[in-house]
Structure formats: C-alpha cells, structure tokens
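Working notes, beginning with the structure itself.
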Protein chains: 2
Amino acid sequence: MTINYRETIARYLPSSAEQAKLRGISERSIQSINSFCNSSGINADSILVGSVAKGTNLAGADIDLFIRFDQNYGRKEMESLGLEIGHKTLANGKEKYAEHPYVTGFIDDVKIDIVPCFRIGVGQKKISSVDRTPLHTEFVRKNLTKEGIFQVQLLKVFAKSIGVYGSEVTISGFSGYICELLIIRYGTFEDVLKIFSQGRGRFLLGEPEDVGKFKDHVVIIDPVDRDRNAAAAISVESLSKMRVASKLYLKDWDNSFFSLEPQKRKANRTDRGTAIRIFSVPRPDYTDDVVFPQALKMLNAISSVLEQGGFEPLDGDAEVKDKVRVLIECRRDTPPEFITHQGPPADSDNVIDFINRWRGKDVLRGPYIRGERLYVDLKGTRKSIEESVRENIMSLNIGKGLNRYREEIEINRPDLKDHDTLVEKFLSRGLF
Amino acid sequence: MTINYRETIARYLPSSAEQAKLRGISERSIQSINSFCNSSGINADSILVGSVAKGTNLAGADIDLFIRFDQNYGRKEMESLGLEIGHKTLANGKEKYAEHPYVTGFIDDVKIDIVPCFRIGVGQKKISSVDRTPLHTEFVRKNLTKEGIFQVQLLKVFAKSIGVYGSEVTISGFSGYICELLIIRYGTFEDVLKIFSQGRGRFLLGEPEDVGKFKDHVVIIDPVDRDRNAAAAISVESLSKMRVASKLYLKDWDNSFFSLEPQKRKANRTDRGTAIRIFSVPRPDYTDDVVFPQALKMLNAISSVLEQGGFEPLDGDAEVKDKVRVLIECRRDTPPEFITHQGPPADSDNVIDFINRWRGKDVLRGPYIRGERLYVDLKGTRKSIEESVRENIMSLNIGKGLNRYREEIEINRPDLKDHDTLVEKFLSRGLF
C-alpha cells in the first residue's frame, strides 16, 4: 500500500521555522554555558540531547540540554554547579527533581530542561541514570538515516494516537528512544508494525544472552549498555495495544491512527446492575510518576479486601488529579451468604495453623483440599462494601504517600449519569 | 516418637494362614500353567507379580499371575494363548480388558488375575505396558528388606486412610509400587512422611536428566525404565493430601491415620444461598477408569458454559454409579445484568475477528484491552441455568462415551436435606 505519510502527519511535524528556532535557542544556550564553564574553570561541557538533537522531534517539542561534568566532580558539587549554571541560562527557571535536581524554564516560549550529568563512554558504568542520555543521542544520530528520522516521527504519531507514547508511569508506553531503536532495527514504520502484528508472547530484541537477563514483557537491549532493558517501562497493556493497533492498521490502513486530536468516546451510562464505588484520598505533594503507582496500589489493596469479603470486584480504574481517586466495580453490594475462603497451599508451613483455626468450627464446609490448596466455606458476614473497607483499611498498605490518609478515605456511590472524569473514563473504555 | 506400629495396623495385615493360603494357590497355579506350556510347546512361563509376590500385601489382597511369552510371538497369538491358559486355570474365569484381554476369577475365594505379557529385560523396550510388571516385582524383591516390607504396609495403610492409595482414575493416588519405591529410597514410613511434610512445589525423585523429561506434579523415575514416570497417575490433589496428612501426623501422631473403616463425615445442610444442580446421563458400559475421566470432562464442559453464561460456577463433583452424575454449584440462578466476555489475547490471530464482531454493536462497553487480552462487556441474557445448558449442550464435548446422551441430559435441583450420595459427598467434603 502506498500512502503519502508525509501528508498524513504533516500537521504534527515541526515547520522549518520551528526547527530553525529550536536550533538557534539550543546553540546560543550551549555557547553561553560552555563559555561560562571555560571562564570559571569548570571541567564540563554542554550538549543538546533528546529528540531535537536527533531531529526526530514532533511539533512543539522541548529542548533538553545536558551539562556533562568530568567524573572527578563529587555528586553534590556537580549538582550544585548544575543548578547554578541552569539558573544562569534560564532567567526564570525553576528547580525540579528527577534522578537529581535540574532547572527547567522557557526561552522564547520554548521549554528547556538543563540537566547535569557525568561524562561517560559507551559500555562505561554510569554514575547516575541520566549519564547514558548523551550516548543515546550519539548512537541514534550515527545510526538513523534521514528517511529513518521520518519513519520515527511516523511511529511516534501512531503510538501517541493509541495512547502508548511515552515512558511516564501513567502511560507506561514506548519512549522516543524506543521508537528510534525500533526503526533502526526494522527499517520502516510499516516493518515495525508488521513485527508487532505478528509477534507472540513477550517482545524481545537483542542478543539472547543479554535478553535472558530480563523478565519484562518487553525487552529491548540498550545498544549503549547491554545490561539495560531500554523498554522496561512498557506495560503489557501497552504492548497489547501496540499489537492490536498494528493488526488493525495493516488490515484497514485507517487514517485515524494518525490523529492526535482528543477524541471523545461515548460512555454507555446504562445501569450495569453492579456496585460501583469511588474511593478517594487527598493527593500528596509528589509528581504523577510517584503518586500514580500508589493509586494503583490502593486500587489493588482495596480490591483484595472486597474480594475476600465476597463482593467480587470485577474491574477498576485510578485517577490522580487534585485527589487520588480509585473506582472499583463489584458484582454485588452485599456479600453472598457464603464465601469460599482460600487457605494456604498444601506445601506451605501455614497448613497446620489454617486447619487448627477452622476445623470443628461453625463453618459451612471444610477445611478441605482442592488441587494445590486448602479452603474453607464460611458463612458470609453480610456487611456492606463501606463497612468492610473501613474495617480493614488501617491494616492495608495503600502506598507510602497515601497511608497517612487511610482514616479519612471517602467512599462514594457515583451516579453514572454525572459527568465525572473517572466514571467517564471507566465507562467509555475502548481499545485505545 | 516410638509407636508400636505393628500393633497399630495389625488388623490390616494378612495372617500367616492367609499368607500360606495365597502362597499355596499361587504355586499350584504357576505349576499348572508351566506344565501346560511345556506339554503344549508354548514358549512361556508363569510368574507371580504384584504385592503378594513382594510380600507387601495387606489383608485381603488379590493374586496377580503373569504369563510371560517369548517376544517371537505375535501380539494376537500371545493374547489368544493367554486367554486360553487363563480359562484353563480359572474354571469360572471372566475376560476383562486393560492394555489387552486377561482372565479374572476366584480360587478358594481369592481373586486371581491371569495376565499375558512379553518377556523383556531391564532397560529393554516394552511391547505392551504390562511387560514391565515382572521387572518391578524383581526390583522390589531385590531392594526391599524385611523391615522395609512392613514399612511399605504401614505407608499403604496411611495412604489408604486418607484416600490416596491406588492409581485408578477415581483415586489418582499412590500405587503399591510407588509406596515400595518411596520406602526403598527413604528407608522408613516416618522418613517418607518427613519428605512429604517438608516438600515444596513438584515432588521429584530420580536423576535430574531423567526427571527433566516429565512435567507432571509428581515424578518418580521408574528404576527399571528411566523413560517412565512411575508416578504419572498421581494427581496434584493426592500430592496435596499426602503433604497435609504428613504434616498433621508428624505433629499429633494421631492414630486415626491408620483407620480404614469408612468414616461418616457430617454434611452441613444449611442453605448455601447458591444454585446447585445435578446433571445426569446414563452410564455407558465401560469400566470406571474409562467413564470417570469422561464424567470430569462433562463437569468441566458444563462448568465452562455456566461460566460464560455468568452463573459463576464455584465448585463441583462427579459420581459414576448406575448413572453418570455431575453436581455443579453456581453463585446464582439467573445470570447478572452484564457479563464480561473474554476475547482473545492481543497476540492472537483472532483479534480482528473479535473486534469486528463487537465494535459498534449494542454492547455495554468495549471491546477493550486489559493486560494481555481483549474483552467486551455484554448485557446478560437473563436465561436460566437449564436454558443455557440445554441450548449449548449439543456443541459441547462431554466425553466420547457420553456425547450420545447429550440430548437426554437430566437437570435436577437437589434438596440438600435429601440423602443423595453425591450431595452428601459434596457437602461433607473434608481434608481426606
């Protein structure tokens, strides 16, 4: 199929004016940093990294500047010098914190991050995890052709349109670097899609002896560090989405896979005959990348209480905004007349305790052995979801930053007709 | 702990009178078979095998006589000569069929099986699976001490008391030969129990390179044939029971683990708030070992229909008597207002079909991707268990011998107060 892909994604590519502007800002900033280092006797140099450096940026990209310090600097010194230079370069810059502190700000409405790191060579042991980034930039610049650059942009737009672009926790998808490595390895966007459409099981890319070190669903060995899985952030769900989207696109060549405009999906608000609750706590003062995994932890912890209570949690979703909110859909409002309580596996040390705890007690059946485990059928407590959760919440670990809010957890029964973002997200769930 | 085990299991051991009687019957039968073969120019000899030959029999054991034919005989000829000799030896013998036909009958009220086989050496390729049996007998006689014989009897009584003695399908437990191998390997009954009480995961016995050939939960390499797992018949449930019983016995030294008298367990007939049904079809004219696996297949097949229908099957049981009966307990009588219909995994070829089937249809939600799979939430059909099963039964495989009865399947709602054997078995399920 011959498709004019340049036309298809033209609106998402940077104009030559934008590229020139980015180049200009970068070069001026680098020069100013380097001359400052020279004049102050600081053994460091500045380098442009990230998508702008590689030319694979989509329209509206940020600039990432790194300051590479000699390894003789202590970490603290490197950090404070890094911040100092950052503030010098970005008049209204703010400090942020990832692996270590950096400065972020704007020049001519373009966002710039100025990040300090140590200078290392390929295969050399990194000191902090950002030290590899300049090597990534170098590797991609050396190995990506001009046509390859466009194929990367195409893949990025595709991944973004199905919600799997980016390694941040809320997405857990394909980073720009991963898109670049895939194009370097397989040549074109369509070839990458063919690989995903046909793949089965785990997705593995790299020499077997390197791949074998990792258990992740997606393993893509980092060419600048064979001990690193560059794809560790990709969730199994993102892999699934990429596979399903690849199959669909290669069958129907549907243009909507290159559409980044937010699409409103219709939520079916028909009563589902289930018990839906929203559990919410205040949002702690950390970034989304820190809080979102805790929201998922809270979702799982409360679900397990509901499971044990016999409410049969079916599905759930989490949202981190002003509050941390978790939606859980259960099959029923009140637990059934009896529940099968799962005991330990037969080969566990807890077998005797479990038997002593239940044998001869007023149970419905058991304890008994089925397959590899012990079980006992107990009469249900007939407690409500609210009662069960409140009774158990203090012994649950719902995440380091959220535990302090356990006592004040709010439990609401949402009206499916209300326009609540979390309810809509849940009810309108689709393929991508 | 010193326990007088001889006293404990005395009532289950054969008296010296019984042993003498078994010996007498065996020797006379062997002599008569051997002299018949001699005088008729048949190249075959008779041999006593099984527990009586090894001295490990409990009271009331059968006699197993094998006729070993030279490998030059064709299979058909061996079989017909085998039957002829069997009938000659057992006046009122009946023919039965396992791997091939054999004759079974009684002499002085003792049951005797006369089974033809081929003569093979250790490590030699068997022609039929019974050919190994004489080698098993020889191996055990060579390697089991007199004290070991008693330890085997002890282990057999223990296994029998917890319902895991015997390799027949309805038990899927530990055969006599397995008990012998365990004592030969570990020395004493208590040592075998220690091994089971401490074991984790799969139970493996044999050289790693041999064990590695098998995936069963229990692997015990047959010392006369390294390519055979002598424990293949043992189910994971039987292994679990053996482990749990070992833990309990080594803690409390409870004598009841050596009691073979049938124990009536109390069934709790309290209403469980569930939907229990019994599905029954006529019993085909095969042995239990053939029909029981089909009953389990029927149980699983109907359960999967009920699962898909949203009735949530929780548990079940099967019984093969005059009829084949299957009991299934479901969480509910009518399916819920919606069910989550599971689609294919994202890496399957059926993804597109599934999406085309459901996208844009009047569904409650989806199709959507969760983890590795696609799903769609559908409105429930609100059909009864009976309607759902009858509607789907003709497309189910409920077992080769049972499929012909699908149309006439009976579906009953049992009264838990009735004294029905299957209901009682289900309600009174305990550890052993």
Original post:
What size of dipole, in debye to the nearest 20, comes out for chain B about its Cα centre when the only charges are +1 on Lys and Arg C-beta atoms and -1 on Asp and Glu C-beta atoms?
Top reply: 640 debye
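Order the peptides A:261-272, B:320-331, A:419-430 from the highest to the lowest mean number of other Cβ atoms within 10 Å of their residues. Write down the numbers at each step before the final one.
Values: A:261-272: 12.1, B:320-331: 20.9, A:419-430: 16.8.
In decreasing order of mean packing, A:261-272, B:320-331, A:419-430 become B:320-331, A:419-430, A:261-272.
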Subject >> Accessible surface buried upon B-A contact (total; probe 1.4 Å; Å², nearest 100) >> reply: 5000 Å²
Subject >> Proximal lysines to A:Lys142, defined as alpha-carbon separation beneath 18 angstrom and excluding residues fewer than eight positions away on the same chain >> reply: A:Lys54
Subject >> A:Leu374 long-range amide H proximity, modeled H, under 5 Å >> reply: A:Gly343, A:Ala346
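Counting only helical runs of four or more DSSP H residues, what would the 222 nm mean residue ellipticity of the protein assembly as shown come to if each run contributes -39,500 (n - 2.57) and the total is spread over all its residues? Intermediate values should be presented prior to the final figure.
On the way: 28 runs with 326 residues, N = 864.
Rounded to the nearest 500, it is -11500 deg cm²/dmol.
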Original post:
What is the set of long-range amide H partners of A:Phe338 at a cut-off below 5 Å, with H atoms built 1.01 Å from backbone N?
Top reply: A:Gly380
**OP:** Please give, to one decimal in nm, the separation of the simple spin-label points placed at A:Ser395 and A:Glu207, each 7 Å out from Cα toward the Cβ.
**Re:** 5.1 nm
**OP:** Please report the relative contact order for region A:337-397, taking Cα pairs under 8 Å with a sequence separation of at least 6, and give it as a percent rounded to a whole number.
**Re:** 38 percent
Subject >> Amide proton proximity set for A:Val219, modelled H, under 5 Å, gap of 5+ >> reply: A:Phe203, A:Leu204, A:Leu205
**OP:** Could you state the orientation-averaged shadow area of the convex hull built on the Cα atoms of region A:115-248, in nm² to one decimal?
**Re:** 8.2 nm²
Subject >> Under 18 Å from the Cα of A:Lys251 - lysines, other chains or at least 8 residues apart >> reply: A:Lys194, A:Lys241
**OP:** For B:Lys76, go through the lysines and keep the ones whose alpha-carbon is under 27 Å away, minus same-chain ones fewer than eight residues off.
**Re:** B:Lys88, B:Lys94, B:Lys96, B:Lys111, B:Lys125, B:Lys126, B:Lys400
Original post:
Taking N as the number of residues in the protein assembly as shown, what value does Rg over Cα atoms divided by 2.2 N^0.38 Å take?
Top reply: 1.24
**OP:** Would you mind classifying region A:204-323 by shape? Square roots of the alpha carbon gyration tensor eigenvalues, ordered a ≥ b ≥ c; an a/c under 1.5 is rounded, otherwise it is prolate if a/b is larger than b/c and oblate if not.
**Re:** oblate
Subject >> 7 Å along Cα→Cβ, label-point gaps from B:Lys425 to other copies, nm, shortest first >> reply: 5.1
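Determine the shape class of region A:78-163: with a ≥ b ≥ c the square roots of the Cα gyration tensor eigenvalues, call it rounded for a/c under 1.5, and otherwise prolate if a/b is greater than b/c, oblate otherwise. Before the final figure, lay out the partial values.
Values: a/c = 2.26, a/b = 1.35, b/c = 1.67.
Oblate.
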**OP:** Kindly give the distances from B:Lys361 to its copy-mates, label point to label point, with each label point 7 Å from Cα along Cα→Cβ, as nm values to one decimal ordered shortest first.
**Re:** 4.5
Original post:
What value does chain A have for Rg/Rh, both radii from Cα atoms and Rh as Kirkwood defines it?
Top reply: 1.04
Subject >> Scattering curve values for region B:294-432, log₁₀ I(q)/I(0), Debye with Cα scatterers, q = 0.17, 0.20, 0.21 Å⁻¹ >> reply: -1.01, -1.21, -1.27
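Counting partner chain Cβ atoms within 10 Å of every residue's Cβ in B:351-358, what's the average? Write out the running numbers ahead of the final one.
On the way: counts 9, 7, 0, 1, 5, 2, 0, 0.
Going residue by residue through B:351-358 and averaging, the value is 3.
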Subject >> Mean Cα-pair separation over length for chain A, i.e. relative contact order, pairs under 8 Å, 6 or more apart, % >> reply: 11 percent
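At 0.36 nm per residue, and after removing the present C-alpha to C-alpha distance, how many nm does the segment from A:Thr270 to A:Gln31 gain when stretched out fully?
Full-extension gain reported as 79.9 nm.
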**OP:** Mark the label point 7 Å from the Cα of A:Ile3 along Cα→Cβ and return the residues of region A:173-200 whose backbone N is within less than 17 Å of it.
**Re:** A:183, A:187-198
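Over region A:284-410, with every protein chain in place, what whole percent of the accessible area is carbon and sulfur at 1.4 Å, could you tell me? Can you show the working numbers first?
Numbers: 2620 of 5970 Å².
The value for region A:284-410 is 44 percent carbon and sulfur by accessible area.
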**OP:** Sticking with the crude label model, points 7 Å out along Cα→Cβ, report the distance from B:Ile127 to B:Ser304 in nm, one decimal please.
**Re:** 4.0 nm
**OP:** In nm to one decimal, list the spacings between the A:Glu168 label point and its equivalents in the other copies, with label points set 7 Å along Cα to Cβ, shortest first.
**Re:** 6.7
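In peptide A:169-177, how many Cβ atoms from other protein chains are near each Cβ within 10 Å, on average?
Working: counts 0, 0, 0, 0, 0, 0, 0, 0, 0.
The mean count of partner-chain Cβ atoms within 10 Å per residue comes to 0.
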Subject >> Set of region B:257-273 residues, backbone N closer than 20 Å to the point 7 Å along the Cα-Cβ line of B:Lys417 >> reply: B:266-273
Original post:
Once the dipole of the protein assembly as shown is set up with Lys and Arg at +1 and Asp and Glu at -1 on Cβ about the Cα centre, which of A:Gly316, A:Leu374, A:Gly173 lies farthest towards its positive end?
Top reply: A:Gly316
Original post:
Averaged over B:341-347, how many beta carbons belonging to a partner chain fall within 10 Å of each residue's beta carbon?
Top reply: 5
Original post:
Distance in nm between label sites at B:Asn72 and A:Glu77, each 7 Å beyond Cα in the beta-carbon direction?
Top reply: 9.6 nm
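The values are calculated or read from the model by the stated rules, or taken from the named source; none is laboratory data. None of these values were measured; they are calculated from a predicted model. Neighbour counts are summed over all protein chains in view; Cβ atoms, including those assigned to glycine, are modelled from backbone coordinates with ideal geometry. Surface areas here come from the heavy atoms of the whole protein model, side chains and all, with no ligands, DNA or RNA. Shrake-Rupley method; radii C 1.70, N 1.55, O 1.52, S 1.80 Å.
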